[in-house]
Amino acid sequence: MSEATLSPLPASARAGVLTYLAISALVFVLMMALGLLMRIGQADWLWMPPDIFYQVMTAHGAGMVGISGLAGSAVMWYFLRRYVDLTVGILWTNLALFLLGVVLILGGIFLGGFGGAWTFLFPLPSHGMGAWGNAGAACYLLGLMSIGVGFLLLYLDVARAIIGKYGSLANGLGWPHLFGRGEGEPAPPTVVASTMVLIINTAGITAGAVVLVLILVNLFVPTFAVDALLTKNLTYFFGHVFINATIYQAVIAVYEILPTYTKRAWPSSRVFLAAWTASTIMVMSVYPHHLLMDFVMPTWALILGQVISYMSGIPILIVTAYNALTNIYRSGMRWDIVSGLLFLSIFGWGVGIIPAIIDATIAVNNVMHNTMWVPGHVHTYLIVGLVAMLFGFMYHVAGQNGTTKMIDKVAFWVYAAAGMAFSFMFLLSGYVSIPRRFAEHLPEWVEYSATSSIFAVLVVLAAAVFAVRFLTSLKSARMA
Amino acid sequence: MIQESIMLVTVVLMAVVTGVFVFIAVNAGKESVDYGPVQAKAFGIRTALFWVVIVAGVLITVITTLDLPYAATRGDVAEGAVKVQVEGRQWLWNLSQDSVAADETVLFEVTAGDVNHGLGVYGPNMRLLGQTQAMPGYVNSLQLTLREPGTYKLLCLEYCGTAHHAMMSNFEVTAHPEHAAAANTQGRDGA
Ligand code: HEM
Ligand SMILES: [Cu+2]
Ligand SMILES: [Cu+2]
């Protein structure tokens, strides 16, 4: 299609983006296999020592969140590069720091025994109780640090480039047009989204770095006192922002690719700009919904956590999803694996935030917090939302638009159906109060995991098809 | 049980969203029509939808925040509540007593001795009745009235290491509240 010729990527930039995506495709399938392993363990089909289960859980969580960040940033970089002058060297530097981080994380987990979960809640890293020691914990934390530094560099480069072209971050968010009658065209959707992401992720990663340093110092100087509630706030602020930012980057693929199918413009309207500015603020202020069961937190913060969670549904559902649906309706668009996956991804995102928002109600959180309800909504919008978006983008980059292969069709329907069913099994498990993060389940819970495992196998297989199709069509991918 | 209502609302809303997406998907590939009128109509509907959502959101917020679980932690404790001190440790619960009488209001004063834990109170049917975080250096107070006699379970609901899933204690709720009142004043040690 046309856009590659519109603004050609230099060969090294193209190679960079494709490398990001190839690694992502492989890691997604691998991490899904680890997820399946956990579910099978919970189903009692396979006995796994608990320390191994929790190592796998830590690897799955950190691996999925990290690779989602990497793949999301590839989407953003690929499209943003058409509007602003990004530094190719930084793209590669980020990848190098990411891979270094992966090595440290895997070493910390599987050699050092670290199983403190991807959220490494203080003071658990220093309390391995024999399962892991300070070396394993430090290795894991330094790995996260390395990945954080890489991303920080990437987003600073994005900031530099956007400010260089548009004058300020406020202009990047389209504020002159949102709040007044700005001259000319507002910044296009890709720039608006990238500006939002660089703002929230810079804040999020900085908070993450602070808490990592606090914990690392405390590991080796235990007298260095750190407050458990403060670190919890910082950790969830970082975690919430980072995982959310992945989808706010990936959705750029929808803004850029869908209109080429519908032949209808998707400009930065005022509502669009308002939605993104609102999301910028809300993604950063909503994290107290992770602390609703911390009764000592100030009441106002917790109520705000509920209220802002409710409000965050508006830009996602009645702006982004609604605009996508309006754009598609009676457009005569052609369905193929790219448009199919992108459409599915908006559905997954929209439908997944419903149990998430409901869970942010304090009265609900009372009986749902840290039950399987949480992985329930998380997996709905990550598997059926985010990952579908990313694979849709991969097929697009690999030039598969317009192809109609039976294998893609089958994989698509299996992925969509099994992805929803797998996620819904988590919700159902939360409904019957099965706790999350339990290596061993009570006998009455086992059947939920067993059913779930069958759907998980299907998800892994379908994702493997997507990944193989992407990797094998890479050679023929348009070289611009 | 509140879980039933939560599931019902969730399924209904998810079904509505699914219905809308299916409707659009079915109509996407049909012969294309002019975008202008489609947009105008859609934006009209959206404005209405926006206000419906706002009004509903405000109402739901007000209703659901009338009764928050935080009052006891702020000192607003029910009269005659039985206080049970709970300390989470890797990997057991230290309880100042491990039984109360049915219909008594229990105030779990929850803290942790090492890492973060979470106290989840499960009824005899193994459904979650309420929870609060157990944190080193802080005390969260969870107030519950346990109506049904039977064996309740205290599970750990915050990941705390290798035996997190094994951190379960029994908590007995005995019948005959009139007899139990006397027993409680003597206290009981159930570490
Ligand atoms: C076939 C696909 C997948 C399977 C079978 C799977 C399975 C699991 C399981 C069993 C858990 C632990 C549940 C528990 O708390 O007991 C889990 C947690 C998690 N999963 Fe997945 N998952 C899949 C896909 C994904 C994807 C695509 C993502 C993100 C992009 C993801 C992110 C996470 C995260 C962040 C956690 C939380 C880890 C923690 O609690 O520390 N998963 N998953
Ligand atoms: Cu515990
Ligand atoms: Cu625990």
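Derivation of every value follows stated rules applied to the coordinates shown; laboratory data play no part. As the structure is a prediction and not an experimental result, all values here were calculated from the model. FYI the Cβ positions are ideal-geometry reconstructions off the backbone, even for glycines, and counts take in every protein chain you see.
Taking the Cβ-Cβ separation of residue A:417 and residue A:334 as r and a Förster radius of 30 Å, what is the calculated FRET efficiency to the nearest 0.05?
0.85
Determine, for A:92, A:300, the number of other Cβ atoms within 10 Å of each Cβ, and report the residues in order from fewest to most.
A:300, A:92
Give me the percent relative contact order of chain A, please, defined on Cα pairs under 8 angstrom at least 6 residues apart.
Once divided by the residue count of chain A, the mean separation gives 18 percent.
For residue A:439, enumerate residues with amide H under 5 Å from its amide H, sequence gap 5+ or separate chain, H modeled in the peptide plane.
B:165
Can you list the lysines whose alpha carbon is less than 22 Å from that of residue B:153, not counting same-chain residues fewer than 8 positions off?
Straight-distance partners of residue B:153: B:83.
If you take the beta carbon distance between residue B:170 and residue B:56 as r and set R0 to 41 Å, what does 1/(1 + (r/R0)^6) give as a FRET efficiency, to the nearest 0.05?
About 0.45, to the nearest 0.05.
Please tell me the relative contact order of segment B:77-181 in percent, rounded to the nearest whole number, where contacts are Cα pairs under 8 Å and at least six residues apart.
Across segment B:77-181, relative contact order equals 30 percent.
Once both labels are modelled 7 Å past Cα along the beta-carbon direction, what's the residue A:170-residue B:8 spacing in nm?
Using points 7 Å along Cα→Cβ, the separation is 5.0 nm.
Please order B:160, A:139 by the number of other Cβ within 10 Å, starting at the fewest.
Exposure proxy ranking, most exposed first: A:139, B:160.
Obtain the nm distance between the two label points defined at residue A:405 and residue A:156 by a simple spin-label model: each point lies 7 Å from its Cα along the Cα-to-C-beta direction.
4.2 nm
Would you mind checking A:409/B:41; A:263/A:409; A:475/B:30 for any pair whose Cα atoms are more than 27 angstrom apart?
With Cα atoms farther than 27 Å apart: A:409/B:41; A:475/B:30.
Across peptide A:355-366, what mean number of C-beta atoms from other chains lies inside 10 Å of a residue's C-beta?
What the average comes to for A:355-366 is 5.
How large is the helix-only mean residue ellipticity at 222 nm for chain A, computed as the sum of -39500 (n - 2.57) over DSSP H runs with n ≥ 4, divided by its residue count, in deg cm²/dmol to the nearest 500?
The helix contribution divided over chain A gives -23500 deg cm²/dmol.
Quick one, could you list the DSSP H helices from chain A stretching 24 Å or more along their long axis (Cα atoms) with average Kyte-Doolittle hydropathy of -0.5 or above? Provide the component values of the computation, followed by the final result.
Numbers: long enough: A:11-42 (46 Å, 1.57); A:50-80 (44 Å, 0.91); A:88-106 (27 Å, 2.47); A:134-166 (46 Å, 1.29); A:189-220 (46 Å, 2.04); A:228-262 (51 Å, 0.85); A:337-359 (33 Å, 1.96); A:406-431 (37 Å, 1.27); A:446-473 (40 Å, 1.66).
Helices meeting the criterion: A:11-42, A:50-80, A:88-106, A:134-166, A:189-220, A:228-262, A:337-359, A:406-431, A:446-473.
Counting partner chain Cβ atoms within 10 Å of every residue's Cβ in B:22-32, what's the average?
6
For segment A:210-278 and segment A:79-153, compute the distance between their C-alpha centroids and round to whole Å.
Here the two parts' Cα centres lie 16 Å apart.
Using only the alpha-carbon atoms, how far is helix B:177-186 inclined from the longest principal axis of chain B? Give it as 0 to 90 degrees, nearest 10.
Tilt of helix B:177-186: around 60 degrees.
Roughly how crowded by other chains is peptide A:430-440, in terms of the mean Cβ count from those chains within 10 Å of each of its Cβ atoms?
So the per-residue partner count for this stretch is 6.
What FRET efficiency do you get for residue B:63 and residue A:45 if R0 is 41 Å and r is their Cβ-Cβ distance, rounded to the nearest 0.05?
Efficiency, from the Cβ-Cβ distance: 0.40.
Indicate, rounded to the nearest 5 percent, the antiparallel portion of the DSSP beta bridges found entirely in segment B:77-181. Before the final figure, lay out each step's value.
Working: 27 of 38 bridges.
Roughly 70 percent of the DSSP beta bridges within segment B:77-181 come out antiparallel.
Work through the residues other than residue A:407 whose Cβ is under 15 Å from its Cβ and net out their charges, Lys, Arg +1 and Asp, Glu -1.
Summing Lys and Arg as +1 and Asp and Glu as -1 gives +1.
Sort A:263, A:232, B:153 by Cβ crowding within 10 Å, fewest neighbours at the top.
So the ranking, lowest neighbour count to highest, is A:263, B:153, A:232.
Just the number, please: percent antiparallel of the DSSP beta bridges in the protein assembly as shown, rounded to the nearest 5.
70 percent
Order the peptides B:123-134, B:141-152 from the highest to the lowest mean number of other Cβ atoms within 10 Å of their residues.
B:123-134, B:141-152
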